[in-house]
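Presented below is the structure to which this report refers.
The values are calculated or read from the model by the stated rules, or taken from the named source; none is laboratory data. None of the values given here were measured: they were computed from a predicted structure. All Cβ positions, even for glycine, are placed from backbone atoms using ideal geometry, and neighbour counts span all protein chains on display. Keep in mind that these areas ignore ligands, DNA and RNA; they rest on the heavy atoms of the full protein, side chains included. Shrake-Rupley method; radii C 1.70, N 1.55, O 1.52, S 1.80 Å.
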Amino acid sequence: MPSASPVSALLSAGASAQFVDNTTDIPSGNPNNNSASENVDFGDVDNDGDWDAIFADGGDNSRDQNRIWINQGGLQAGTKGVFLDETNARFPSLNDQSRDIEFVDIDGDTDLDIYVSNTSTIVNETNRWWVNTGVHSGSYVDETSTRWVNLGGAGSSVPTVDVLPGGGFIDFSCDCDFGDLDNDGDMDLFHSSYGGQFGGNLPSRIFLNDGAGFFEEFNPSGYQLPNRLIANGEPGLWCEGTQQADTTNITGVNCDIASSALDIDLGDIDGDFDLDVLHGARQELPRLFQNRLEENGGTLGFRDITGTFPAGYSTGDGHYEQEMGDLDGDGDLDIYGLNWTVSFFNFNDITLENDGTGQFTIDQTLPGSQNDDNEGDFLDYDLDGDLDLFVANFSGQNKLYRNNNNGGVGFDFSLMTGLPFESYVALDADCCDVDGDGDYDIFVSNDNGSRNLYWENTIRENGSGPQDTFAPNIPNVEQAPARAAGPAATVVRAHVYDNAPYYITWYNETWLEVKVNGGPATIVPMRSSGGQIFRGEIDGTLVGNITYQVFSEDEYGNQGSSAILSYVATGGGALGTPMCQGDGSDGTNCQCGNNSTLGAGEGCLNSQGHGAILVASGSASIGADDLVLSISQARPGQPTLFVQGTNAIALPFKDGKLCMGNPTLRMGVEFLDPTGSASTSFSIVTEGNLSLPGTVRYYQAWYRDPGPGSVCGQGSNFSGGLELTWMP
């Protein structure tokens, strides 16, 4: 372990975590670590397998250069967990008044771009887009001038006088958040604005990604504000109803999209797989907006449902921040509200428990939370499988809370002792395993030129101690509807939780395993949509009984899986008509009985535990002569014979059922590959003696199936049948 100055003792007998203030493995001094740092974020900028860190510097009182610290593991071939400041080589040389900085892949090229939130308290500033120049580059160029689309134009709510010549618009922004709000596979922007001098009278806005990383405002009202502020009675821009400050209406008549927001969180709070918005407000009531994408049949829209919060959920002002996480492990998002209940100089943090439908009850006022806190982040510091809480304090002692859930029912937090007093003004904290030793460390960004902190967790010092053996939890997966096959993909979303900060879980390798009629699995990658949602697209041309299951693996190799779901895809763009299946649906059983559990298109049961399927691709055109017949789910390594008939029959034969005859024509032999699949390599037109358009023919594949597991023990079987009508 690198040298470090100890700053904490054992926290408690039941929570054997210990942190040290690691001053030797991070940059120091001016300018590398001596600014007003408003925010810190972790990401792997060069895709080399370790976590790098970026800082938003400047804030309300100064214009400064944002900074990047590169982890020296991976491509740097140094020690993981040691950081060097590489700002000059990797970042645009630009001073601004930054209050937030976010990693996000805006253009879908698998590297992490950066979004910078700025404020205009000194000079007019806009939020900025910095684009990564390559998968293993980790260097950035400013593309602010082109990434904003149509600001001040038709359909934009931004007044033309606020549009800046160099791109963007006059802004007073702190935390913004990204997520796939419209379920189209790219990351959209929810943009918040606290207003000049924290006035709380500038609207939050939504900007949709066009898929290539260009952002245009989502403003179904079509209304353009006559000036920077939004007034009561004006349209709610992106939200149902008209603007009404502090409204508690939940029917869509009114909404309040303008408050002094310092923090935004996206997540599915009501279980319908779209991203809702938990909207902070420093001096007003924190707000909740329901995404109506599912209720509107796929049309994006939002409703202010703040009035559904329980009475007394927030009082006073100073509500700087909030977080969502599954605190009790029941598969929904609960809420931590920092300074949400304030009276006189008591700034109380609370938790609210979700019942699974987006209805919340107040769970706990956190002990010892009376000081003016600024930022909370979840982490499993003691590696017991649940989400604990670190709180960066604005005016004194940073705090650590232990979640006492431990796999039980419900949750509550205990304040841990032993952390040293820090006299800094902490504005943000993020948590991740920066040194790769298996536990979660903490970076704290501090104001007023104070050094930023690296609190190294030593619970796994020298590779000993507890390990993270907790697999990701995937309790909810979207049920795909029955459909006709066609070019459009079948979109499936899932909730993925882990004992890690949400911005770490986003990088879990997550995928779908898809099977057609019980055949071999196809792997379909899933990507984070923000919040707890991952999204994947299943090939829409598949036909049959489609089963799918979600898997997710964390950075420690713990793998979780969901339940298996299924849907039926029929007809559509499939070539030919399946017939003579092994399930006895034509009134004729297989040689050894009715295999009623077989899927659509399958032949009779074989030694592989399912029936073989025959499909056609290309076209049934005599002139094109491009038809290919393919068999799958047969006996690997065995020969298969493709057969054509002139009429349909159903006759038990060997282990299977003969589906065509009068007469049959043997066309060609192929050998089945290790998955039990094979395709024709010969001309079906030539081998089938086809010359007359309108001819109807029936096709099947015979294959050997010797040895243990064959149903009747007669050594061979047939696929299901396929009827084709030949065209010119």
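Are any residues in segment 110-119 at pLDDT 95 or above and part of a loop (DSSP other than H, G, I, E, B), and if so, which ones? Break it down into steps so the answer makes sense when it comes.
Step one: filter segment 110-119 for residues at pLDDT 95 or above, giving 111-119.
Correct list: D111, L112.
Might you let me know whether segment 484-498 holds any residue that is part of a loop (DSSP other than H, G, I, E, B), modelled with pLDDT of 95 or more, crowded, with 18+ Cβ neighbours inside 10 Å and under 16 Å from the mean Cα position of the chain (by Cα)?
yes
Looking only at segment 542-568, which residues are at pLDDT 80 or above and under 19 Å from S719 (Cβ atoms)? Show your work before the answer.
Step one: list which residues in segment 542-568 are at pLDDT 80 or above, which gives 542, 545-568.
Within segment 542-568, L542, N545, I546 qualify.
Per-residue answers, yes or no, for (1) touching a strand residue (DSSP E or B) at 6+ places or on another chain (Cβ under 8 Å); (2) open to solvent by 10 Å² or more (accessible area, probe 1.4 Å); (3) under 16 Å from F360 (Cβ atoms); (4) not aliphatic (A, V, I, L, M):
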{"site": "L225", "(1), (2), (3), (4)": "no, no, no, no"}
{"site": "G236", "(1), (2), (3), (4)": "yes, no, no, yes"}
{"site": "T242", "(1), (2), (3), (4)": "yes, yes, no, yes"}
{"site": "G280", "(1), (2), (3), (4)": "yes, no, yes, yes"}
{"site": "R292", "(1), (2), (3), (4)": "yes, yes, no, yes"}
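State whether the residues of segment 553-566 include one that is in a strand (DSSP E or B), within 22 Å of V524 (Cα to Cα) and of a type in the set (F, W, Y). Let's see the steps before the verdict.
Narrowing segment 553-566 to residues in a strand (DSSP E or B): 553, 559-561, 565-566.
Then drop every residue that is not within 22 Å of V524 (Cα to Cα), which leaves 553, 559-561, 565-566.
Filter once more, so that each one left must be of a type in the set (F, W, Y): none.
No - not one qualifying residue is present in segment 553-566.
Need pairs with beta-carbon distance below 6 Å; first residue touching a residue at least 24 places away in the same chain (Cβ under 8 Å) and of a type outside the set (A, V, I, L, M, F, W, C) and within segment 23-36, second in a strand (DSSP E or B) and buried (at least 18 other Cβ atoms within 10 Å of the Cβ); sequence gap 6+ or separate chains.
These pairs meet every condition: P27/N33; P27/D85; N32/D85; S35/D57; S35/D64.
Strands (runs of 3 or more DSSP E) wholly in segment 331-377 with at least 2 residues that are of a type in the set (D, E, K, R) - which ones? Steps first, please.
On the way: elements: 334-343, 346-354, 360-365.
Strands (runs of 3 or more DSSP E) meeting the threshold: 346-354.
Would you mention how many residues in segment 130-158 are without any contact (Cβ under 8 Å) to a residue 12 or more places away in the chain and within 22 Å of G74 (Cβ to Cβ)?
So the answer is 1.
Based on this model, can you work out whether M660 counts as in contact with a helix residue (DSSP H, G or I) (Cβ under 6 Å, 6 or more places away or on another chain), within 26 Å of T588 (Cβ to Cβ) and not acidic (D, E)?
Answer is no for this residue.
Against the definition (of a type in the set (V, I, T) and surrounded by 23 or more Cβ atoms within 10 Å (Cβ to Cβ)), how does V514 come out, yes or no? Before the answer, list the steps.
Details: of a type in the set (V, I, T): yes; surrounded by 23 or more Cβ atoms within 10 Å (Cβ to Cβ): no.
In short, no.
Here is a yes/no grid of residues against (1) modelled with pLDDT of 90 or more; (2) crowded, with 16+ Cβ neighbours inside 10 Å:
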| position | (1), (2) |
| --- | --- |
| K654 | no, yes |
| R666 | yes, no |
| P674 | no, no |
| F682 | yes, no |
| T686 | yes, no |
| S691 | yes, no |
| R697 | yes, yes |
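Of the conditions (1) under 27 Å from the mean Cα position of the chain (by Cα); (2) modelled with pLDDT under 95, G59 clears all except one; give me its number.
Single failed check for G59: (1).
Are any residues in segment 365-374 at pLDDT 95 or above and within 23 Å of A500 (Cβ to Cβ), and if so, which ones?
Once the filter is applied, which keeps residues that are at pLDDT 95 or above and within 23 Å of A500 (Cβ to Cβ), segment 365-374 yields only L366.
Report, by residue number, each residue of segment 543-575 that is crowded, with 21+ Cβ neighbours inside 10 Å and more than 16 Å from Q479 (Cβ to Cβ).
Selection gives V543, G544, F551, S552, D554, A574.
All but one of (1) modelled with pLDDT of 95 or more; (2) part of a loop (DSSP other than H, G, I, E, B) hold for I70; state the number of the condition that does not hold.
All conditions are met except number (2).
Here are some residues: D382, D386. Which one is of a type outside the set (A, V, I, L, M, F, W, C), surrounded by 22 or more Cβ atoms within 10 Å (Cβ to Cβ), part of a loop (DSSP other than H, G, I, E, B) and at pLDDT below 95? Give the derivation first.
On the way: D386 fails: at pLDDT below 95.
Just one listed residue meets the conditions, D382.
Out of all the residues in segment 393-424, which are closer than 24 Å to N22 by Cβ and touching a residue at least 40 places away in the same chain (Cβ under 8 Å)?
So the first thing to find is which residues in segment 393-424 are closer than 24 Å to N22 by Cβ, and the list is 393-394, 396-402, 415-424.
F394, N398, L400, R402, L415, M416, T417, G418, L419, P420 - these are the residues of segment 393-424 that are closer than 24 Å to N22 by Cβ and touching a residue at least 40 places away in the same chain (Cβ under 8 Å).
Among V135, V161, V123, which is the only one that is open to solvent by 50 Å² or more (accessible area, probe 1.4 Å), over 24 Å from W238 (Cα atoms), β-branched (V, I, T) and more than 24 Å from the chain's Cα centre (by Cα)?
Working: V135 fails: more than 24 Å from the chain's Cα centre (by Cα); V161 fails: over 24 Å from W238 (Cα atoms).
So the residue among V135, V161, V123 that is open to solvent by 50 Å² or more (accessible area, probe 1.4 Å), over 24 Å from W238 (Cα atoms), β-branched (V, I, T) and more than 24 Å from the chain's Cα centre (by Cα) is V123.
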